[in-house]
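The values are calculated or read from the model by the stated rules, or taken from the named source; none is laboratory data. Bear in mind the structure is a predicted one, so any value in this text is a computation, not a measurement. Note: ideal-geometry Cβ built from the backbone for every residue, glycine included; neighbour counts use all protein chains shown.
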Amino acid sequence: MSHKNGSDNATEPCGNKFGPVWAPGPERTVHGWMADVEDWEQGFNKVVRTVSRSDDKKTTGRCPRPGQI
């Protein structure tokens, strides 16, 4: 996968695919993170997905298991 393809798939498709299960409701959102082009070409070519609060406030650090909300 190219860096551009990874970038295109990092956030929006990530949220569309995993958001309904990982971050249901308006209070949470899914983000995709990835390396810059140089690191990507060095082999750091994975996209990391994470969940955060939509209002960017600090969470308790405890996330419910998928589908438990």
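Below is a table of values for the structure above.
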quantity: Every residue from region 35-55 that is closer than 9 Å to His3 by Cα and of a type in the set (Gly, Ala, Ser); calculated: Ala35
quantity: Tabulated pairs, region 11-33, first of a type in the set (D, E, K, R) and surrounded by 15 or more Cβ atoms within 10 Å (Cβ to Cβ), second in a strand (DSSP E or B) and modelled with pLDDT of 75 or more, C-beta under 9 angstrom, 6+ apart or interchain; calculated: Arg28/Val51; Arg28/Ser52; Arg28/Arg53
quantity: Enumeration of residues in region 28-47 that are among the polar types (S, T, N, Q) and farther than 23 Å from Asn16 by Cα; calculated: Gln42
